[in-house]
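Okay, structure first, notes after.
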Amino acid sequence: MSDLELYSAIACPFAHRSQLTLVEKQISFTLIELDLQNKPANFSEISPFGKIPVLKHGHHRIWESSIINEYLEEVFPSPSLLPQNAIHRAQARIWIQFADARLFEPTHQLLLTQDLQQRAKLVNQLTESLQWIEQTGLAQLSAAEPYWLGASLSLVDLAYYPWFEQIVVLKHFRGFQLPRGLDRLKRWWKTMANRQSVQSVAKPPDFHLEHYGRLQQLQPH
């Protein structure tokens with residue numbers, strides 16, 4: 001058995017990030033799925049902060065997906081998933097923080113709120129964030145640079161992809177539609193969806209719809 005264990009929840013997009021990182025780096029690990037609606041008695045030992053994912057490496061535990069992924073980058077540096085240049089690494093971290101604050105958090109709020117005005121506000125936030133990514137972040141890349149930071153896959157790509165795999169949930173339950181004109185972003189999405197690592201752990205749309213519908217008792221839009 002590997003001395004690396006990843007504690008996950010089956011549809012957690014943050015655990016999805018770390019699973020993709022482990023697969024991309026070809027690191028042997030054991031995946032342990034937890035039911036967060038029926039937590040094990042020792043959950044506080046597994047996750048002292050009550051968060052998923054948690055990486056257990058030997059006797060040590062690490063949580064927060066971005067921290068887990070940077071830890072894996074440092075301990076298992078090949079293949080590299082962060083730029084070598086310090087300013088470029090800083091920019092990668094900025095992009096990952098943007099994903100958390102401007103995509104994942106508004107999405108979480110949008111799925112939970114029953115307030116129609118709040119829903120509209122959150123939809124606008126998501127739309128503006130996606131347009132900003134297209135116009136400011138990805139517009140400078142050439143057709144020969146298929147990934148977020150250019151020609152090579154990075155932790156940034158792995159941080160964003162789970163949101164796009166689960167976008168079907170927003171479409172079905174909240175009527176969210178991608179804004180027009182995201183051609184560069186859509187090309188990136190297609191590139192990522194075709195990666196072997198992504199396909200090896202992908203869940204189909206029906207899985208996400210069933211899971212979120214049952215978990216949150218959501219109704220179709």
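The values are calculated or read from the model by the stated rules, or taken from the named source; none is laboratory data. Fair warning: this is a prediction, and the values are worked out from it, not measured in the lab. Quick reminder, even Gly has a Cβ in these numbers, built from the backbone with ideal geometry, and neighbours come from all protein chains shown.
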Where in the stretch 145-221 are there helices (runs of 4 or more DSSP H), lying fully within it, with 2 or more residues that are closer than 23 Å to LEU36 by Cα?
155-165, 167-174, 205-216
Helices (runs of 4 or more DSSP H) wholly in the stretch 1-108 with at least 2 residues that are within 26 Å of LEU138 (Cα to Cα) - which ones?
13-24, 65-75, 86-99
For the stretch 135-168 the number of residues that are at pLDDT 95 or above and over 26 Å from GLU70 (Cβ atoms) is 1
Of the residues LEU178, LEU153, LEU185, LEU138, which is without any contact (Cβ under 8 Å) to a residue 60 or more places away in the chain and farther than 20 Å from GLU105 by Cβ?
LEU138
When every residue in the stretch 1-25 that is farther than 22 Å from ILE96 by Cα and surrounded by fewer than 17 Cβ atoms within 10 Å (Cβ to Cβ) is compared, the one modelled with the lowest pLDDT is MET1
When the stretch 48-59 is checked residue by residue, the ones that are surrounded by 13 or more Cβ atoms within 10 Å (Cβ to Cβ) and at pLDDT 90 or above are ILE52, PRO53, VAL54, LEU55, LYS56, HIS57
